[in-house]
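Structure first, then comments.
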Amino acid sequence: MRRAMLAGNWKMFKNAREVDAFADDFIPLIETVHDRDILICPACIYIQRLIEAFRESPAKVGAQNVYWEDAGAYTGEISAPMLKSIGAQYAIIGHSERREYFNETNASVNKKILAVLKHGLNPIVCIGETLEERESQKAFDVIGLQIREGLTGLGIDLLQEIVIAYEPVWAIGTGKTATPDIAQEVHHYIRDVLAELFDNEYAQTIRILYGGSVKPENIDILMAQPDIDGALVGGASLDTKTFERIVKFQ
Ligand code: PEP
């Protein structure tokens, strides 16, 4: 059985006071939720603050990005050993906004995945097609390539440490959610590609999250799909009550 994961990507939102207020309100709402993983990925300057706030809580904290070198003259970057040293557990890698605005490629995503695994962190690897790619029937090719190139050099022993997030670019922050059928079809395809690249048994154990305008109104139907194991949530993770409802999907 795959354990559900509900992850919030706060992007470049919230100041320090708002981060503290979220933690104060959210902690009591989820203190008895132990049967699924709850994760928040705030801006990097708040990771440690949130880890401390969540110390007695089931919620975990991750990064929105990471660099592949361990240390060096890379102004502005943050490394996997740095994240590990403050107790972060996960790092989102290859979010479509990073691919679009910060020149991330399947090759840089691959280096980042290998770097975080080397240091015992779990990557949440984002993949997904643009609207143009979907409309020109290229979605499966694009997604297949993102998996093959992104996971190059990954040993089967580390496969279970990764989480994949299918985030169709046309659904992120647009209010348009992939229908449960579309999402299920792609999640199933992702598992097929993983089975072909690695092994079918392992492919069945990998968690695949859906991301793209997830909200309280659609979480239950999305989670009812057999290959959807959780959600990566942007806008709807910024509000405690809204995210609570998503975490407590039925
Ligand atoms: C995201 O940022 O990963 C995301 C899915 O955003 P939203 O939920 O706002 O579409």
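Of note:
- Residues of region 119-135 satisfying the condition of being surrounded by 19 or more Cβ atoms within 10 Å (Cβ to Cβ), of a type outside the set (Val, Ile, Thr) and either assigned to a loop (DSSP other than H, G, I, E, B) or within 12 Å of the ligand (Cβ to nearest atom) (or both): Leu121, Cys126, Gly128, Glu129
- Subset of region 1-21 that is touching a residue at least 24 places away in the same chain (Cβ under 8 Å) and away from the ligand (no atom under 16 Å from the Cβ) - its residue that is nearest to Gly62 (Cα to Cα): Val19
- Of residues in region 61-99 being assigned to a strand (DSSP E or B) and under 18 Å from Ile27 (Cα atoms), the one nearest to the ligand (Cβ to nearest atom): Gly62
- Selection within region 1-31 - out of contact with any Asp or Glu (no Cβ under 8 Å at 6 or more places or on another chain), assigned to a helix (DSSP H, G or I) and among the aromatic types (Phe, Trp, Tyr): Phe22
- Here is the figure for region 70-108: residues that are more than 28 Å from Ile143 (Cβ to Cβ) and either surrounded by fewer than 19 Cβ atoms within 10 Å (Cβ to Cβ) or modelled with pLDDT under 95 (or both) total 13.
- Qualifying residue in region 48-60 (condition: assigned to a helix (DSSP H, G or I), farther than 24 Å from Ile219 by Cβ and either at pLDDT below 95 or among the acidic types (Asp, Glu) (or both)): yes
- Any hit, region 100-117, residues being out of contact with any His (no Cβ under 6 Å at 6 or more places or on another chain), within 16 Å of the ligand (Cβ to nearest atom), among the polar types (S, T, N, Q) and more than 22 Å from Leu50 (Cβ to Cβ): no
- Residue list for region 100-118, filter: out of contact with any strand residue (DSSP E or B) (no Cβ under 8 Å at 6 or more places or on another chain) and either closer than 29 Å to Ile38 by Cβ or part of a helix (DSSP H, G or I) (or both): Glu100, Tyr101, Phe102, Glu104, Asn106, Ala107, Ser108, Asn110, Lys111, Leu114, Lys118
- Counting the residues of region 152-174 that are free of Cβ contacts under 8 Å to residues at least 12 places away in the same chain and of a type outside the set (Gly, Ala, Ser) gives 1.
- Search result, residues across region 185-231 that are crowded, with 16+ Cβ neighbours inside 10 Å, among the polar types (S, T, N, Q) and over 17 Å from the mean Cα position of the chain (by Cα): Asn218, Gln225
The values are calculated or read from the model by the stated rules, or taken from the named source; none is laboratory data. Worth saying up front: this structure is predicted, and the values here are computed from it rather than measured. In this analysis, Cβ positions are derived from the backbone assuming ideal geometry, glycine residues included, and neighbour counts consider all displayed protein chains.
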